[in-house]
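For reference, the structure discussed in these notes is given below.
The values are calculated or read from the model by the stated rules, or taken from the named source; none is laboratory data. Please read all numbers here as calculations on a predicted model, not as lab measurements. Note that each Cβ is placed from the backbone with ideal geometry, even for glycine, and that neighbours are counted across all protein chains shown. Accessible surface is based on the protein model in full, side chains and every heavy atom, while ligands, DNA and RNA are left aside. Shrake-Rupley method; radii C 1.70, N 1.55, O 1.52, S 1.80 Å.
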Amino acid sequence: MADPFLYNTGERSHYGCLGHEVQVEYLKAYVCRPSFSTDKAVIVVHDVFGWQFPDIRYIVDLVAGHGYITICPDFFKGTEPWTSTDHWADFPDWMKNHDPMKVDKEADVVLKYLKEQCGAKKIGIVGFSWGGMAVHHLMLKNPQLTAGVCLYGIVRDSEERYSLLNPTFFIFGEKDHTISLDQIFLLEDKLKQYCKVPYKIKVYPGQVHGFAQLKPEDMKPDDKPYIEEARRDMIDWIKMFV
């Protein structure tokens, strides 16, 4: 069986990060600040590969470059992330101890840090895959998050998943074998019925799971325009609401 979360991690190119690591209560986190003072911040929620994975740190730096204090906390709380050498048969057990719907406490810790230590007044959130599921959950539960971007978080069908508290943008790849187009159409139908805040759903042609966080040197030429478009769209949504 194919690994549902894994895009081709292959030999990752090394990435020289622009930010630094901090301790936020019981969480470790990677933080990158823009070159000027700001009271706007963005939380980045990592995928199954965790907060130290180079691709996610690249995204943190990218967002910070657009003028946001950007932080990626270790939502796995020091436990081992999934790796490309782990066996898919073990994935359900791993997920039991890494539930993307149980991130509320960690989100509150990070929100407190951003407000009290960084002076943040408006805070958005973006998440990838596992993190996309976490963002979808948090945008239903935490009114402190002024906007969210959920990138290919698996869609779960229940009506209580649609009453979003603040503007949320859902990004999907057309050829994501973990999320069918039927699920995406269902999400759209339900949001039309239940959602009272701005939302957007966009599907990027030919793209697979994990496409949007690849670093430039890891992109295939045919995919590059869509990856760059997804990132621009992500940043534009944050800029519109945060």
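Against the condition over 17 Å from His137 (Cα atoms), open to solvent by less than 50 Å² (accessible area, probe 1.4 Å) and more than 16 Å from the chain's Cα centre (by Cα), how does Gly173 come out, does it pass? Taking the combined requirement at face value, the residue does not satisfy it.
Answer yes if at least one residue in region 119-134 is surrounded by 24 or more Cβ atoms within 10 Å (Cβ to Cβ) and among the charged types (D, E, K, R), and no otherwise.
Within region 119-134 (the criterion being surrounded by 24 or more Cβ atoms within 10 Å (Cβ to Cβ) and among the charged types (D, E, K, R)), the answer is no, since none of the residues qualifies.
Residues that are assigned to a loop (DSSP other than H, G, I, E, B) and at pLDDT 95 or above were ranked within region 1-33; the one that is surrounded by the most Cβ atoms within 10 Å (Cβ to Cβ) is Arg33. Filtering region 28-62 to residues that are within 12 Å of the chain's Cα centre (by Cα) and touching a residue at least 60 places away in the same chain (Cβ under 8 Å) leaves Val42, Ile43, Val44, Val45, His46, Asp47, Val48, Asp55, Ile56, Ile59.
Residue by residue, here is whether (1) under 16 Å from Gly153 (Cβ atoms); (2) outside any helix (DSSP H, G or I); (3) open to solvent by less than 70 Å² (accessible area, probe 1.4 Å); (4) of a type outside the set (A, V, I, L, M, F, W, C) holds:
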position	(1), (2), (3), (4)
Thr178	yes, yes, yes, yes
Ile184	yes, no, yes, no
Leu191	yes, no, yes, no
Val203	yes, yes, yes, no
Val208	yes, yes, no, no
Glu217	no, no, no, yes
Ile227	no, no, yes, no
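Residues in region 139-163 that are open to solvent by less than 10 Å² (accessible area, probe 1.4 Å) and touching a strand residue (DSSP E or B) at 6+ places or on another chain (Cβ under 6 Å): Met139, Leu145, Ala147, Gly148, Val149, Cys150, Leu151, Tyr152. Which residue pairs have Cβ atoms under 7 Å apart, sit 6 or more places apart or on different chains, and have a first residue in region 96-115 that is hydrophobic (A, V, I, L, M, F, W, C) and a second that is open to solvent by 10 Å² or more (accessible area, probe 1.4 Å) and in a helix (DSSP H, G or I)? Listed by first residue and then by second, the contacts come to Met101/His137; Val103/His137. Exactly one residue among Val109, Val60 is open to solvent by less than 20 Å² (accessible area, probe 1.4 Å) and touching a Phe, Trp or Tyr at 6+ places or on another chain (Cβ under 7 Å), and that residue is Val60.
Remark: pairs (first residue in region 147-176, closer than 17 Å to Lys190 by Cβ and assigned to a strand (DSSP E or B); second residue modelled with pLDDT of 95 or more and among the basic types (Lys, Arg); Cβ separation under 6 Å; 6+ apart in sequence or on different chains) = Phe169/Lys200. Filtering Asp55, Asp108, Asp86, Asp90 for residues that are of a type outside the set (Gly, Ala, Ser), out of contact with any Ser or Thr (no Cβ under 8 Å at 6 or more places or on another chain), part of a helix (DSSP H, G or I) and more than 24 Å from His20 (Cβ to Cβ) leaves a single hit, Asp90.
Restricting attention to region 218-242, which residues are farther than 17 Å from Gly65 by Cβ and touching a residue at least 12 places away in the same chain (Cβ under 8 Å)? Even if it seems obvious, please write down each step before you answer.
Quick first cut of region 218-242, residues farther than 17 Å from Gly65 by Cβ only: 218-226, 229, 240-241.
Correct list: Asp218, Asp222, Asp223, Tyr226, Glu229, Met240, Phe241.
Only residues that are closer than 15 Å to Leu145 by Cβ and either in contact with a Ser or Thr (Cβ under 6 Å, 6 or more places away or on another chain) or not in a loop (DSSP other than H, G, I, E, B) (or both) were counted across region 93-105, and they come to 2.
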